[in-house]
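Report on the structure given below.
The values are calculated or read from the model by the stated rules, or taken from the named source; none is laboratory data. Computed from a predicted structure; not experimentally measured. Note: ideal-geometry Cβ built from the backbone for every residue, glycine included; neighbour counts use all protein chains shown.
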Amino acid sequence: MANTLTAALIGTGFMGMAHTEALRRLGIRIHGILGSSPEKSRQAATTFGIEKAYTSYDEVLSDRAVQVVHITTPNRFHFEQASQALQAGKHVLCEKPLAMTAEESSTLVDIATKSDTVAGVNYNIRYYPLNIEARSRVQTGEIGDIYSIYGNYVQDWLLYPTDYNWRVLADEGGLLRAVADIGTHWLDLVQTITGLEVESVCANLKTVHPIRQRPKGEVETFSGKTQDIEATESIDIQTDDSGAILLRFKGGAHGSLWVSQVTAGRKNCLRYEIAGAKRALAWNSEQPNDLWVGHRNEPNESLIRDPGLVSDAARATITYPGGHNEGYDDSFKQCFKAFYNYITNGDYSAPATFPTFTDGHNEIVLCEAILKSHREEKWITL
Ligand code: SOE
């Protein structure tokens, strides 16, 4: 895709790397990168082979060579960095969750609406080709009216009380952690596939480790499994390690979501099963090239990702032939491809082809309803 847009990367951790690789594969130029210190900027610029190591966010905002800012910093920085970039006339692709509160995300929606720029949130899991295929099959009526949607998103990188990351602290990641960090991926995905909106929630959350050991210095996302833990200090934790959420959708469908970051052996496992009047669909992010199609009166199907076997919409997100598996990193590439193509097409009033700030805000509103439901032990209607 010939694209003349140039990006700046904010954040040098796991997501900074994932965004850099995806942009490189799209041929999008990255002019510079900003870390939490000038030294981190320099290290990342060298590691990723990026031209410029910024020394401040102001330098990014005033860089006329940059049209798009990718925000991959911890959640507490999203509001200020996204609002300033939009007000500086830059397009923004912000990591999820969009902000720390619905008040912040609502303000970001207002700023994005009033600015002549494009603002997206990286709900990348929408862009696995077989999730696009699942959406196509719902849209054609092949599945029938949706009766139920259930599933989970489970990981094990925070299983031990000695596992640590900024996300476990409410004042750095927000009051909800597992739900906001990975639960919103699942909620965004199933609402996008089915076109159904969550109407009410009933939640039961748990902090499995009310005390965690914080190492001296930062611990990158997922890196705790391979990093030697240095001297630590005990800290109190209030954020959720796991939780169950009952769901009612507008139109009558119901469902449930199980979220956990303390499930041994589940590395990064999102699953859904959507049951309709005619057929059912099921998918697992750890085997993303296979979509299960359930039938009542004929053998069930296992659809292998193959451009010759899917809808036009799914085919547009496939680069490699069947059997040449595509996965996690490809979903970033396809999400960013949609985002940059939208900008290049130039009609910002056209329906969005990517997750918008409004989508990101809706997820934060959902999170606050889930936390309210958990605290008050009752159903909460949005
Ligand atoms: C950590 O839970 C994390 O990196 C999430 O923040 C990402 O959104 C997800 O894609 C993988 O796991």
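Where helices (runs of 4 or more DSSP H) sit wholly within the stretch 270-382, those with at least 3 residues that are touching a Leu at 6+ places or on another chain (Cβ under 7 Å) and within 30 Å of Asp181 (Cα to Cα) occupy 328-345, 357-376.
A count restricted to the stretch 195-221 and to residues that are of a type outside the set (Asp, Glu), within 15 Å of the ligand (Cβ to nearest atom) and more than 22 Å from Arg126 (Cα to Cα) stands at 1. Within the stretch 102-114, is there a residue that is of a type in the set (D, E, K, R) and either within 16 Å of the ligand (Cβ to nearest atom) or not in a helix (DSSP H, G or I) (or both)? For the stretch 102-114, residues of a type in the set (D, E, K, R) and either within 16 Å of the ligand (Cβ to nearest atom) or not in a helix (DSSP H, G or I) (or both): absent.
When the stretch 57-99 is examined, which residues are found to be among the hydroxyl-bearing types (Ser, Thr, Tyr) and over 15 Å from Leu23 (Cα atoms)?
Once the filter is applied, which keeps residues that are among the hydroxyl-bearing types (Ser, Thr, Tyr) and over 15 Å from Leu23 (Cα atoms), the stretch 57-99 yields Tyr57, Ser62, Thr73, Ser83.
Being closer than 26 Å to Met17 by Cβ and either outside the structural domain of Ile143 (by TED's automatic domain parsing) or at pLDDT 95 or above (or both) is true of Val259. Taking (1) within 29 Å of His78 (Cα to Cα); (2) touching a residue at least 24 places away in the same chain (Cβ under 8 Å); (3) β-branched (Val, Ile, Thr) in turn, Thr353 satisfies each apart from (2).
Which condition does Ser56 not pass, out of (1) farther than 18 Å from Ala352 by Cβ; (2) in contact (Cβ under 8 Å) with a residue 40 or more places away in the chain; (3) among the hydroxyl-bearing types (Ser, Thr, Tyr); (4) more than 16 Å from the ligand (Cβ to nearest atom), if it passes all the others? That leaves (2) as the condition not met. I'd like to check something: does the stretch 178-194 contain any residue that is more than 12 Å from the ligand (Cβ to nearest atom) and in a loop (DSSP other than H, G, I, E, B)? No, because not a single residue in the stretch 178-194 is more than 12 Å from the ligand (Cβ to nearest atom) and in a loop (DSSP other than H, G, I, E, B).
When Glu199, Glu104, Glu172 are checked against the criterion of being over 30 Å from Asn325 (Cα atoms) and outside the structural domain of Tyr272 (by TED's automatic domain parsing), a single residue qualifies: Glu104.
For the stretch 259-282, the set of residues classified as more than 15 Å from the ligand (Cβ to nearest atom) and surrounded by fewer than 23 Cβ atoms within 10 Å (Cβ to Cβ) consists of Ala264, Gly265, Glu273, Ala275, Gly276, Ala277, Lys278, Arg279, Ala280, Ala282, listed by residue number.
Tallying residues that are in a loop (DSSP other than H, G, I, E, B) and within 14 Å of the ligand (Cβ to nearest atom) within the stretch 123-164 yields 9.
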